[in-house]
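For reference, the structure is listed below as structure tokens.
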Amino acid sequence: MSDLASKYGPYALILGGTAGIGAGFSAALARAGVSPLVVARAADAPGEFAQRLAAETGCDARGFALDLADDDAIAEVAELTAELDVGLVVYVAAVSLVGPFESHSAEAKRRALSVNCRGPLETCDVFLPRLRARGRGGLILMSSASGHQGTGWVSTYAATKAFNTVLAEGLWWEYREQGVDVLAVEAGRTETPTYRGQRPRDTATWIAPIQSADAVASEALAALGRVPSHLTGTRGRWSTRLMRTLLPRRTLVALYGSSTRAMFEPE
Ligand SMILES: NC(=O)c1ccc[n+]([C@@H]2O[C@H](COP(=O)([O-])OP(=O)(O)OC[C@H]3O[C@@H](n4cnc5c(N)ncnc54)[C@H](OP(=O)(O)O)[C@@H]3O)[C@@H](O)[C@H]2O)c1
């Protein structure tokens, strides 16, 4: 992990970096000597979180309060970081819509599209040329195992995550010979405030144990530059690969839909 600073440079931008998996990335990078520039919505949280990391590790962490659902958010991030040598970019924030398709308003779905798809796309638009111009860099898009196939009860969310997987994999290929590593991280269930806030039942943990946010971030950073996409968690990775290989598509879709509903449907 300590070669991240020599490989990617002094600053990393973490879009959604103060809680959950994003906080895992911020802390891991700060410990590795890469100063995290953390973006989140809550007015004081990014600054306070950055100050804490700076005090703990001696890094030059900074925080920016922005809502990534806003149309001009990525342009603003670009401007705020223009003078800093950002070598690594991680897009983490997402809107997770859980429940039947009709239970979410059109506005909630538009917001999910904006944070989960437009934000990552514009981040790639703005930062990939910057990373390419430096001659080296890394960019990670957070996706989900639910985005590999249709997943009922999170249909819209899963579709937005498919966008991230497919986008990052394509860009991995385009940029691999230009010194820029791109990675999609297909996370399984991860212990975060957002996940816990959805009041899930922790089912089938023997097949895919729930991971810590720190473990997901460390795995992602270790996978960057090695593969186009990475499924997190050793046991979850092997069981998921096996299901994807062996099961017909309709069975896979039915399995993901029924297990997601079983996790989240109220009694
Ligand atoms: N947790 C899981 O089980 C799981 C499983 C698979 C994939 N994932 C993926 O992993 C990523 C992280 O998930 P997570 O559970 O850690 O929680 P999350 O709610 O997606 O991310 C939390 C971080 O993002 C910030 N954030 C959220 N919305 C934002 C917005 N509109 N603008 C700016 N910042 C925003 C939060 O701070 P503020 O609230 O202060 O803005 C916080 O710092 C997501 O992409 C998710 O799809 C998670």
Worksheet entry | Hz values of 3J(HN,Hα) by residue in the range 204-209 - Karplus curve (6.51, -1.76, 1.60), Gly and Pro given as x | 6, 6, 6, 7, 9, x
Practice prompt. Restrict the search to the range 176-253; then list the GluC sites (Glu not before Pro) that DSSP places in a loop and that have at most 14 other Cβ atoms within 10 Å of their Cβ.
Written response: GLU177
Response to the item:
Candidates TYR91, TYR195, TYR11; GNM for the chain (alpha-carbon contacts under 10 Å) flags as most fluctuating TYR195
Fill in: Computed magnitude of the charge dipole of the range 4-264 (debye, nearest 20; Cβ of K, R +1, Cβ of D, E -1)
1220 debye
Discussion item. Output wanted: per-residue J couplings in Hz (rounded whole) for the range 255-266, from phi through Karplus 6.51 cos²θ - 1.76 cosθ + 1.60, θ = phi - 60°, x for Gly and Pro.
Written reply: 5, 5, x, 5, 6, 5, 4, 4, 6, 10, 5, x
Worksheet entry | Hz values of 3J(HN,Hα) by residue in the range 80-88 - Karplus curve (6.51, -1.76, 1.60), Gly and Pro given as x | 5, 9, 4, 8, 9, 7, 7, x, 9
Worksheet item: If the label point is 7 Å along Cα→Cβ of GLU56, which residues in the range 187-203 have backbone nitrogen under 16 Å from it?
Response: 192-193
Worksheet item: Which residues make up the longest stretch of the chain clear of trypsin sites (Lys or Arg not before Pro) that lie in a DSSP loop with no more than 11 other Cβ atoms within 10 Å, not counting the sites?
Response: 1-200
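Grab the DSSP H runs of the chain that are 4 residues or longer, score each as -39,500 (n - 2.57), total them, divide by all residues and round the 222 nm result to the nearest 500 deg cm²/dmol. Walk me through the numbers before you get to the answer.
Numbers: 11 runs with 128 residues, N = 267.
That comes out to -15000 deg cm²/dmol.
Each reported figure results from applying straightforward, stated rules to the coordinates on display, with no laboratory input. Worth saying up front: this structure is predicted, and the values here are computed from it rather than measured. Positions of Cβ are backbone-derived with ideal geometry, glycine not excepted, and every protein chain shown enters the neighbour counts.
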